[in-house]
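The values are calculated or read from the model by the stated rules, or taken from the named source; none is laboratory data. Model, not experiment: these values are computed from the prediction. Don't worry about glycine lacking a Cβ; one is built from the backbone with ideal geometry, like all the others, and counts go over all protein chains shown.
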Amino acid sequence: MPITNSREKFVHELADIYDAEHQFLEAMEKMHDNATDEKLGTMLEEHMAQTREQIQKLEQVFSSIDEQPKRQPCSGAKGIIEEGSKAMEEAATDEIRDQFIVGGATKAEHYEMVSYADLIEGAEMLKMRKAVKLLTENRQQEVAAARKLERTSPRLAKAAA
């Protein structure tokens, strides 16, 4: 179906990030199962809990605009996950695998940060105040998670070296 106006575009992108969050949650569970670094595992656990909350907030956004939550298959998330899964399988050591996990998780966070920024812009333009608030909260969590992962990466690189 052609997207003919800004509201339809917003709903489409909302459904896209809703699917991405579900895909990334499933992928984080796999990453957590494969992570050997204790701090990385804890970070993944914390972000999985946040992701569940973010999914609930997205459902609230759908509700606030009188839409049913729906998933629009997100090819971007699927690609990031496929790349990360392949890398985890190819890792010859636990330390290298942990590096791939932190890198893949960081890529996912950056994807989400940009997606939320676009959604916030659309919600502001459409004067969807509640949506702006909820989407901004999700984006702030993504930014914080990305920064944590970025700070962890050098330590994991040293462990692998």
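Scan the stretch 28-61 for residues that are touching a residue at least 40 places away in the same chain (Cβ under 8 Å), more than 24 Å from residue 114 (Cβ to Cβ) and part of a helix (DSSP H, G or I) and the total you get is 2. Pairs are defined by a Cβ separation below 6 Å, a sequence spacing of at least 6 or placement on different chains, a first member in the stretch 1-27 that is within 23 Å of residue 128 (Cα to Cα), and a second member that is surrounded by 20 or more Cβ atoms within 10 Å (Cβ to Cβ) and hydroxyl-bearing (Ser, Thr, Tyr); the pairs so defined are 17/115; 21/51.
Is there a residue in the stretch 62-71 that is assigned to a helix (DSSP H, G or I) and surrounded by 15 or more Cβ atoms within 10 Å (Cβ to Cβ)? Among the residues of the stretch 62-71, at least one is assigned to a helix (DSSP H, G or I) and surrounded by 15 or more Cβ atoms within 10 Å (Cβ to Cβ), which makes the answer yes. Given the structure, is residue 121 over 21 Å from residue 154 (Cα atoms), modelled with pLDDT under 95 and either part of a helix (DSSP H, G or I) or touching a Gly at 6+ places or on another chain (Cβ under 8 Å) (or both)? For residue 121, the condition - over 21 Å from residue 154 (Cα atoms), modelled with pLDDT under 95 and either part of a helix (DSSP H, G or I) or touching a Gly at 6+ places or on another chain (Cβ under 8 Å) (or both) - is not met. For the stretch 72-111, filtered to residues that are part of a loop (DSSP other than H, G, I, E, B) and hydrophobic (A, V, I, L, M, F, W, C), the residue that is farthest from residue 21 (Cα to Cα) is 92. Among the residues of the stretch 28-63, those that are touching a Leu at 6+ places or on another chain (Cβ under 8 Å) and more than 15 Å from residue 17 (Cβ to Cβ) comprise 28, 31, 32, 35, 37, 40, 43, 48. Using the structure shown, decide if residue 119 is surrounded by 15 or more Cβ atoms within 10 Å (Cβ to Cβ) and within 23 Å of residue 25 (Cβ to Cβ). The answer is yes for residue 119.
Just so you know, in the stretch 43-70 the residues that are more than 17 Å from the chain's Cα centre (by Cα) and polar (S, T, N, Q) include one that is nearest to residue 146 (Cα to Cα), and it is 60. Just one of the listed residues (129, 155, 139, 147) is within 30 Å of residue 15 (Cβ to Cβ), of a type in the set (Lys, Arg) and more than 21 Å from the chain's Cα centre (by Cα), namely 129.
The single condition among (1) touching a helix residue (DSSP H, G or I) at 6+ places or on another chain (Cβ under 6 Å); (2) surrounded by fewer than 17 Cβ atoms within 10 Å (Cβ to Cβ); (3) not hydroxyl-bearing (Ser, Thr, Tyr) that residue 54 does not meet is (2). Restricting attention to the stretch 81-108 and to residues that are in contact (Cβ under 8 Å) with a residue 40 or more places away in the chain and among the hydrophobic types (A, V, I, L, M, F, W, C), the residue that is surrounded by the most Cβ atoms within 10 Å (Cβ to Cβ) turns out to be 101.
Read through the list (1) within 19 Å of residue 129 (Cα to Cα); (2) modelled with pLDDT under 95, then give the number of the only condition that residue 69 fails. If we test residue 69 against (1) within 19 Å of residue 129 (Cα to Cα); (2) modelled with pLDDT under 95, just (2) comes out false.
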